[in-house]
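In what follows, a single structure is set out as structure tokens and then discussed.
The values are calculated or read from the model by the stated rules, or taken from the named source; none is laboratory data. Remember, predicted model here, so these are calculated numbers, not experimental data. Every residue, glycine as well, gets a Cβ built from its backbone with ideal geometry; the counts of neighbours run over all protein chains shown.
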Amino acid sequence: MQNINKKPVKFIDNVKGPLIKPCPCAKNHIPCNYAVISHIINCQYNCTYCYLHTFFGKDEIVVYRNKDKIISEVKEYIENSKDALRIGTGEFSDSLAIPEAVSLARDLIKLFASQNRHLLELKTKSDCIEELLDLDSKGQTAIAWSLNPQTIVDSEEHGAVSLEKRLSAAIRCINAGYKTAFHFDPIIYFDGWREEYKKVVDAVFSTIAPQDILWISLGGLRFPTAQRKIIETKFKSSLSFDYLEKGRDNKLRYPEDLRVELFSHLYNLIGASSKDVYVYLCMETESVWNRVGIKNSDNRCFRWYKRRNKNSTG
């Protein structure tokens, strides 16, 4: 793996605008019905495909350190919401990769454990879970891992831990009482992709019981057009651009037929292991949802979580 220096952390005391708001999603695509806590901007890892390289444009991590204000805003947001919410910290940074992220995660887990309407999701490519294992989440926090074949982890996810370590961390979190979820995002087209993604799906279901998985999302490789130069020059990535074209959201994407092929393969692999695991598409068009055959295009996976949770508790 390429040696990329760690990024410095800059602390700030004031933030303009709310710290929690709906996920911006992609224009002309089915929304995810997700809310985002944006207390950290940028990520310790250097995944070549990550949109943060162009969104933020700096090799530093900015951390808003007033945790009391963050918790207060989140508490007010969830108390005033008429709908059950899925709220996460993993949109503008990894949810657990640096100590400041873990510190806030502990406080958020405690906050969400004090109610039973809303679900906290912590998305990560790390195994930084030690400081979370002593907490009782009351089943209101899901710790979710982004997954890719190890060959992609090695070549494109600089600094992130191995696939094996991610799954090992997931097992420990399940044993500590957390819910878990997985995100195959971005799915990348390369020689041998079918076999390599099958290995990942097999690894997931050979180590984790389907009933312990709240959901699995599928999303294709996509990034702003300006990022291509960064991927090619800064990271000297092995990603192929041969099939990419500008999509309806003005990002470079695979054409629809190829996306359908990628998603259908993963969807069928997951279905062969479990018919009960909830699967949804991230930042996709209604046409792709329909062609893949996924029917839950309102994307309300939290509703499914609440229904299963109610059934499991009698």
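Here is a check on your reading of the model: is residue 193 hydrophobic (A, V, I, L, M, F, W, C) and either surrounded by fewer than 13 Cβ atoms within 10 Å (Cβ to Cβ) or touching a Cys at 6+ places or on another chain (Cβ under 9 Å) (or both)? Against the criterion (hydrophobic (A, V, I, L, M, F, W, C) and either surrounded by fewer than 13 Cβ atoms within 10 Å (Cβ to Cβ) or touching a Cys at 6+ places or on another chain (Cβ under 9 Å) (or both)), residue 193 does not qualify. Picking from residues in region 51-90 that are among the basic types (Lys, Arg) and outside any loop (DSSP other than H, G, I, E, B), the one that is nearest to residue 114 (Cα to Cα) is 75.
For (1) touching a helix residue (DSSP H, G or I) at 6+ places or on another chain (Cβ under 7 Å); (2) farther than 28 Å from residue 191 by Cβ; (3) aromatic (Phe, Trp, Tyr), each residue gets a yes or a no:
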{"site": "110", "(1), (2), (3)": "no, yes, no"}
{"site": "114", "(1), (2), (3)": "no, yes, no"}
{"site": "118", "(1), (2), (3)": "yes, yes, no"}
{"site": "137", "(1), (2), (3)": "yes, yes, no"}
{"site": "153", "(1), (2), (3)": "yes, no, no"}
{"site": "156", "(1), (2), (3)": "no, no, no"}
{"site": "164", "(1), (2), (3)": "no, no, no"}
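Assess whether residue 110 counts as being of a type in the set (D, E, K, R) and at pLDDT below 95. Answer is no for this residue. Taken residue by residue, region 135-147 has no member that is in a helix (DSSP H, G or I) and within 30 Å of residue 58 (Cα to Cα). Within region 37-77, the set of residues being hydroxyl-bearing (Ser, Thr, Tyr), over 17 Å from residue 158 (Cβ atoms) and under 15 Å from the mean Cα position of the chain (by Cα) comprises just one member, 38. Scanning region 65-106 for residues that are under 23 Å from residue 45 (Cα atoms) and acidic (Asp, Glu) returns 91, 94, 100.
Here's the yes/no breakdown for (1) in contact with a Gly (Cβ under 6 Å, 6 or more places away or on another chain); (2) part of a loop (DSSP other than H, G, I, E, B); (3) over 17 Å from residue 268 (Cβ atoms); (4) acidic (Asp, Glu):
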residue	(1), (2), (3), (4)
194	no, no, no, no
199	no, no, no, no
202	no, no, no, yes
206	no, no, yes, no
216	no, no, no, no
232	no, no, yes, yes
237	no, yes, yes, no
241	no, yes, yes, no
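The set of residues in region 249-283 being part of a loop (DSSP other than H, G, I, E, B) and in contact with a Phe, Trp or Tyr (Cβ under 8 Å, 6 or more places away or on another chain) consists of 254, 255, 274, 277. Please verify whether residue 172 is touching a residue at least 12 places away in the same chain (Cβ under 8 Å), assigned to a helix (DSSP H, G or I) and over 21 Å from residue 130 (Cα atoms), treating the condition exactly as stated. Considered against the rule, which asks whether it is touching a residue at least 12 places away in the same chain (Cβ under 8 Å), assigned to a helix (DSSP H, G or I) and over 21 Å from residue 130 (Cα atoms), residue 172 comes out as no.
Among the residues of region 225-245, just one is touching a strand residue (DSSP E or B) at 6+ places or on another chain (Cβ under 6 Å) and at pLDDT below 95, namely 225. Among the residues of region 109-132 satisfying the criterion of being part of a loop (DSSP other than H, G, I, E, B) and of a type outside the set (Ser, Thr, Tyr), which is nearest to residue 42 (Cα to Cα)? If we take residues in region 109-132 being part of a loop (DSSP other than H, G, I, E, B) and of a type outside the set (Ser, Thr, Tyr), then 125 is nearest to residue 42 (Cα to Cα). The condition of being among the aliphatic types (A, V, I, L, M), in contact (Cβ under 8 Å) with a residue 40 or more places away in the chain, in contact with an Asp or Glu (Cβ under 9 Å, 6 or more places away or on another chain) and farther than 28 Å from residue 65 by Cα holds for only one of 167, 147, 163, that being 147. Every condition in (1) in contact with a helix residue (DSSP H, G or I) (Cβ under 7 Å, 6 or more places away or on another chain); (2) part of a helix (DSSP H, G or I); (3) closer than 30 Å to residue 226 by Cβ holds for residue 106 except the one numbered (3).
When you scan region 276-298, do you find a residue that is of a type in the set (Asp, Glu) and crowded, with 19+ Cβ neighbours inside 10 Å, even just one? Quick ask: steps written out before the conclusion?
The initial filter retains those residues of region 276-298 that are of a type in the set (Asp, Glu), namely 276, 284, 286, 298.
Filter once more, so that each one left must be crowded, with 19+ Cβ neighbours inside 10 Å: 284.
The answer is yes, given that some residue of region 276-298 is of a type in the set (Asp, Glu) and crowded, with 19+ Cβ neighbours inside 10 Å.
Within region 267-293, residues that are acidic (Asp, Glu) have Cβ atoms under 7 Å from residues that are at pLDDT 90 or above in these pairs: 276/210, counting only partners at least 6 apart in sequence or on another chain.
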